[in-house]
Amino acid sequence: MLVRKTTTDAPATPDSSATTDSTATDSSAATAASTTTDTPPSGTDALAAAAPSAASNSSTSTTSSDNSKLCAKPRVRITEVDLGVTVDANEDEVNLKVVAISALPSGGSRIAFHSGDSVVVQELDANDKLVSGSTVKVPLHDFADIYADKDGFVLLGTRDADAVPCYDMYLVRYDGSKESWATKLTSSSASLPPYSSGKSGADVYMIWWYAHHGRIASDGTNWAAYFGCAISTSEGGCINIHQGDRMKVVDPSGKIATQADSFDWGCSHSGYERITYDSRKKGYASICKTDSNNRIMPPNDWGTTIYPVDLAAANLGDIVPDSDASSKKYWATVSNGEGDNAKVHLIHFAINAAANDDITLGGTDANERAPHLAAIGDGGLLAMWEGSSSGGDLAEGGARTIYAQILDASTGKTISSKVTVDKSVVGNRYQALKSFPDGSVAYLSKGTTDTSVQVVRFFGC
């Protein structure tokens, strides 16, 4: 199949005209200050595709007209929120601790983060300010993602297995501040421990010592959880433990639902699990990075290679349906290359076929990785990635620059110039951009203090 390869425009000069709009104080268990910095757009409006907004892994909603426009330069607003407690966050796959945000229908959000032995969830209003009295502590070993709604939220996270060591993955539902249910998505138990019951024991799905990452998507009623998972299998008189991934759908009562897109076992040695709900087919679409022939593939279709990759260079962003109601195709961002240096690619593909578009983004730095992707405004895609002059995996705490650009969700063509995000924002290849009902997109970053986070909000204009 012919693959069209193109490169986006040269980078725009970073805007240094950011101004502080306001400083607000909110009180909860501790006094929490929020400081907002807004980088204004420049240039004129660009034409947006006249098509429905693409679905995403954030809250299902209709884009309002407030932020539906897409201009020649996006606007970036950074709000620092003091949470009053220590925020633990890192990019270490073995001991991964993410911070995450999820949209509310009201325009506000819920954020989740690790603090000591707890996972903490708090609410922010539509201006990204802390809502007093909204703190909920959830007993989890760690978590991978959050999905919020007007009544509460679900978290994807691990708890100790009944027979330690190792863990089980749960989808935990809270209505208000109370746990409504916690559904185990793996299969270990006291009688069938994570390493099985013996050399002829049954297979068991569990969470091992690494790859505690995943994503949640929703059809508006049910939740799909796609996550890293391990399996213990009796083989040749021994127990063979293999790392991969798994996807389960949970209904509002907390029961695991029978769903055509779910699966017990997907990709081998899954590096990233990416999922979206697609309203066009009324189902879920998932992709992963795997060492099975070194590729991006759909986890429940081993016969399809969407995109070949160099494992050492490949980080995988999220999957977003394109804006063509009849195409049944998707966009994703992936870094790829040879050796220490990588470039970020925007790929366009059907879920059962090789990518037919391969658009190279960025190009400022010799090594560009950690890509992200989300729907923005009417008919737009927001791509975000990081660059460095140093080769290899981007080092936590190293010299890294975050870039963002808006692209057409139908063609992948450039809509906006590329902008540089403030150096205070901390990237993380395991975290996600989240689309919001007003057409904006948000990313949650570690803050500039031990007790704060930054909400980085992108607007089309």
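The values are calculated or read from the model by the stated rules, or taken from the named source; none is laboratory data. Just so you know, these numbers come straight off a predicted model, no measurement behind them. Positions of Cβ are backbone-derived with ideal geometry, glycine not excepted, and every protein chain shown enters the neighbour counts.
Worth a mention:
- Taking segment 90-107 as the range and being in a loop (DSSP other than H, G, I, E, B) and over 15 Å from Leu433 (Cα atoms) as the test, the residues that pass are Glu91, Asp92, Glu93, Val94, Asn95, Leu96, Pro105, Ser106, Gly107.
- Some residue of segment 292-305 being closer than 21 Å to Ile415 by Cβ, touching a Pro at 6+ places or on another chain (Cβ under 6 Å) and of a type outside the set (Asp, Glu): no
- Looking only at residues of segment 89-103 that are over 23 Å from Ser440 (Cβ atoms) and in contact with an Asp or Glu (Cβ under 9 Å, 6 or more places away or on another chain), we find that the one that is surrounded by the fewest Cβ atoms within 10 Å (Cβ to Cβ) is Asp92.
- Some residue of segment 338-348 being part of a strand (DSSP E or B), charged (D, E, K, R) and without any contact (Cβ under 8 Å) to a residue 40 or more places away in the chain: yes
- If only residues of segment 276-294 that are in contact with a strand residue (DSSP E or B) (Cβ under 7 Å, 6 or more places away or on another chain) and over 16 Å from His348 (Cβ atoms) are counted, the one that is surrounded by the fewest Cβ atoms within 10 Å (Cβ to Cβ) is Asn294.
- Filter result for Thr86 (out of contact with any helix residue (DSSP H, G or I) (no Cβ under 7 Å at 6 or more places or on another chain) and either modelled with pLDDT under 95 or not in a loop (DSSP other than H, G, I, E, B) (or both)): no
- Hey, Thr420 of a type in the set (Ser, Thr, Tyr) and either in contact with a Leu (Cβ under 8 Å, 6 or more places away or on another chain) or more than 17 Å from Gly362 (Cβ to Cβ) (or both) or not: no
- Cβ pairs under 8 Å, 6+ apart, first in segment 293-315 and within 20 Å of Thr276 (Cβ to Cβ), second of a type in the set (Asp, Glu): Pro299/Asp245; Pro299/Glu273; Asn300/Asp261; Tyr307/Asp358
- Members of segment 157-186 found to be out of contact with any Gly (no Cβ under 9 Å at 6 or more places or on another chain) and among the hydrophobic types (A, V, I, L, M, F, W, C), listed by number: Ala161, Ala163, Val164, Cys166, Leu185
- Among the residues of segment 383-398, those that are closer than 17 Å to Ile359 by Cα and hydrophobic (A, V, I, L, M, F, W, C) comprise Ala383, Met384, Trp385.
- Among the residues of this structure, Val131 does not count as one that is at pLDDT 95 or above and surrounded by 21 or more Cβ atoms within 10 Å (Cβ to Cβ).
- Filter result for Glu273 (crowded, with 22+ Cβ neighbours inside 10 Å, among the acidic types (Asp, Glu) and farther than 15 Å from Tyr170 by Cα): yes
- Residue that is surrounded by the most Cβ atoms within 10 Å (Cβ to Cβ), among those in segment 207-248 that are without any contact (Cβ under 8 Å) to a residue 60 or more places away in the chain and assigned to a loop (DSSP other than H, G, I, E, B): Trp208
Each row is one residue, and each column tells you yes or no for (1) without any contact (Cβ under 8 Å) to a residue 24 or more places away in the chain; (2) among the polar types (S, T, N, Q); (3) in contact with a Ser or Thr (Cβ under 6 Å, 6 or more places away or on another chain); (4) surrounded by fewer than 21 Cβ atoms within 10 Å (Cβ to Cβ).
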residue	(1), (2), (3), (4)
Asp378	no, no, yes, no
Glu386	no, no, no, no
Gly397	yes, no, no, yes
Thr414	no, yes, yes, yes
Ser445	no, yes, no, no
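- Any hit, segment 185-202, residues being touching a Leu at 6+ places or on another chain (Cβ under 8 Å) and surrounded by 17 or more Cβ atoms within 10 Å (Cβ to Cβ): yes
- Qualifying residue in segment 348-367 (condition: crowded, with 22+ Cβ neighbours inside 10 Å, among the aliphatic types (A, V, I, L, M), modelled with pLDDT of 95 or more and more than 18 Å from Ser410 (Cα to Cα)): no
- Of all residues in segment 301-321, those that are of a type outside the set (A, V, I, L, M, F, W, C), surrounded by 19 or more Cβ atoms within 10 Å (Cβ to Cβ) and either part of a loop (DSSP other than H, G, I, E, B) or on the phi > 0 side of the Ramachandran plot (or both) total 2.
- Residue in segment 173-180 that is within 21 Å of the chain's Cα centre (by Cα) and charged (D, E, K, R) present: yes
- Screening Gln405, Gln431 for residues that are surrounded by 22 or more Cβ atoms within 10 Å (Cβ to Cβ) and under 24 Å from Val81 (Cα atoms) leaves exactly one candidate, Gln431.
- Among residues of segment 368-383 being in a strand (DSSP E or B) and either farther than 24 Å from Pro298 by Cβ or modelled with pLDDT under 95 (or both), the one that is nearest to the chain's Cα centre (by Cα) is Ile376.
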